[in-house]
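Colleague: Handing you a structure now.
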Amino acid sequence: MQNKTKRLVLMAMLTAISVVLVLLIRLPLFPAAPYLEYDMADVPVLLASFVLGPGAGLAVLVAASAIQAFMLGGNGIIGFIMHVCASGALVLLAPLIWRAGGRTLPALIGGLAVGTCAMALLMLPLNFIFTPVLFFGVPIAESFGIFISGGAGEFSADAVAAYGMVRGLLWVVLLPFNLVKAGLNSVIFFVLFRALRPALKQYM
């Protein structure tokens with residue numbers, strides 16, 4: 001019972017740290033898309049996932065994402081879905097690969113690399129579907145329809161223009177941004193995890 005309480009307290013602390021990091025650190029990386037801002041919110045989520053298990057990491061991610069999306073102006077339900085889906089790939093894959101690889105250093109590096117790539121790739125369809133909705137006011141049903149059809153069909157001029165703009169930014173801005181974001185967070189997590197692991201063994 002005491003160990004369970006410690007785990008819950010650690011999860012709550014890491015959730016709070018994730019939210020605070022979003023408030024303190026928001027840096028645009030690409031002038032062509034200033035609305036894409038780097039933040040360190042996934043670093044404490046990764047710590048939760050590696051130390052307490054992927055399930056706990058996912059719970060911390062959902063809680064932190066909900067607070068960011070609905071209480072801190074994080075684009076509501078769409079921001080919540082995008083964050084949970086994309087970061088979820090990193091938060092789940094990285095520790096699962098590390099555990100399957102015997103918790104070795106190569107498995108840790110490999111898990112973070114695979115998770116980083118998975119997050120960046122998953123953001124491609126998510127950006128195609130949700131960016132026109134968030135920034136161009138395209139109805140979500142129409143945005144989803146134009147994504148599924150690849151732009152073929154009868155759609156409004158606004159939807160077609162938004163789809164074309166997202167497609168133009170996809171490989172030169174969106175994919176590099178998400179690779180850099182996930183990569184930076186993975187590197188920061190790697191350094192922290194290696195330094196803090198002895199102190200966190202009581203939770204593992």
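Colleague: If you place +1 on the Cβ of every Lys and Arg, -1 on the Cβ of every Asp and Glu, and leave all else neutral, what size is the dipole of the range 1-121 about its Cα centre, to the nearest 20 Debye?
Modeller: Result for the range 1-121 is approximately 460 debye, rounded to the nearest 20.
Colleague: So if I average 1/r over every pair of distinct C-alpha atoms in the range 1-49 and take the inverse, what Kirkwood radius in Å does that give?
Modeller: Mean inverse Cα-Cα distance, inverted, gives 12.1 Å.
Colleague: Translational D (Stokes-Einstein, µm²/s) of the chain at 20 °C and 1.002 mPa s when Rh comes from the Kirkwood sum over C-alpha pairs?
Modeller: It diffuses with D of about 121 µm²/s by this estimate.
Colleague: In addition: Would you work out the charge dipole size for the chain about its Cα centre, treating the Cβ of every Lys and Arg as +1 and the Cβ of every Asp and Glu as -1, and quote it to the nearest 20 debye?
Modeller: So the magnitude is around 1120 debye.
Colleague: In whole angstrom, how long is each semi-axis of the equivalent ellipsoid of the range 1-104, when you take the square root of 5 times every eigenvalue of its Cα gyration tensor and sort them from largest down?
Modeller: Sorted largest first and rounded, they come to 25, 17, 12 Å.
Colleague: For a Förster distance of 35 Å, can you work out the FRET efficiency between the beta-carbons of Val191 and Leu23, rounded to the nearest 0.05?
Modeller: So, using R0 = 35 Å, E works out to roughly 0.95.
Colleague: For the range 44-59, just list the computed ³J(HN,Hα) in residue order, Karplus coefficients 6.51, -1.76 and 1.60, θ = phi - 60°, integers in Hz, with x standing in for Gly and Pro.
Modeller: Residue by residue, the range 44-59 yields x, 5, 4, 4, 4, 5, 6, 7, 9, x, x, x, 5, x, 5, 5 Hz.
Colleague: Which far-off residues, 5 or more places away or on another chain, put their amide H under 5 Å from the one on Tyr38, with H placed in the peptide plane?
Modeller: Correct list: Leu27, Leu29.
Colleague: Say the dipole of the chain comes from +1 at the beta carbon of Lys and Arg and -1 at that of Asp and Glu; which of Tyr35, Gly74, Ala86 then lies farthest toward its positive end?
Modeller: About the Cα centre, the residue reaching furthest to the positive side is Ala86.
Colleague: The range 8-45 to the range 64-120: how many Å between their Cα centroids?
Modeller: The two parts, judged by their Cα centres, are 12 Å apart.
Colleague: Now, a different point. Between Met204 and Ile109, what FRET efficiency follows from the Cβ-Cβ distance if R0 is 22 Å, with the result rounded to 0.05?
Modeller: 0.75
Colleague: Show me, for the range 108-116, the HN-Hα J-couplings you get by feeding each phi into the Karplus relation (A = 6.51, B = -1.76, C = 1.60, θ = phi - 60°), rounded to Hz, glycine and proline as x.
Modeller: Karplus values, whole Hz, x for Gly and Pro: 5, 5, x, x, 5, 5, 5, x, 4.
Colleague: Can you compute 3J(HN,Hα) from phi for each residue in the range 93-106, using the Karplus curve 6.51 cos²θ - 1.76 cosθ + 1.60 with θ = phi - 60°, rounded to whole Hz and x for Gly and Pro?
Modeller: With coefficients 6.51, -1.76 and 1.60, one gets 5, 4, x, 5, 5, 4, 5, 5, x, x, 6, 8, 4, x Hz.
Colleague: Give the cross-link partners of Lys181 among the lysines, using a straight C-alpha distance below 30 Å as the criterion and excluding same-chain residues fewer than 8 apart.
Modeller: Lys201
Colleague: As an exercise, use a Förster radius of 30 Å and the Cβ-Cβ distance of Leu179 and Val9 to find the FRET efficiency, rounded to the nearest 0.05.
Modeller: 0.30
Laboratory data are not the source of any read-out in this text; all were calculated from the coordinates shown. Worth saying up front: this structure is predicted, and the values here are computed from it rather than measured. Methodologically, a virtual Cβ is constructed for each residue, glycine included, from the backbone with ideal geometry; neighbour enumeration extends over all protein chains shown.
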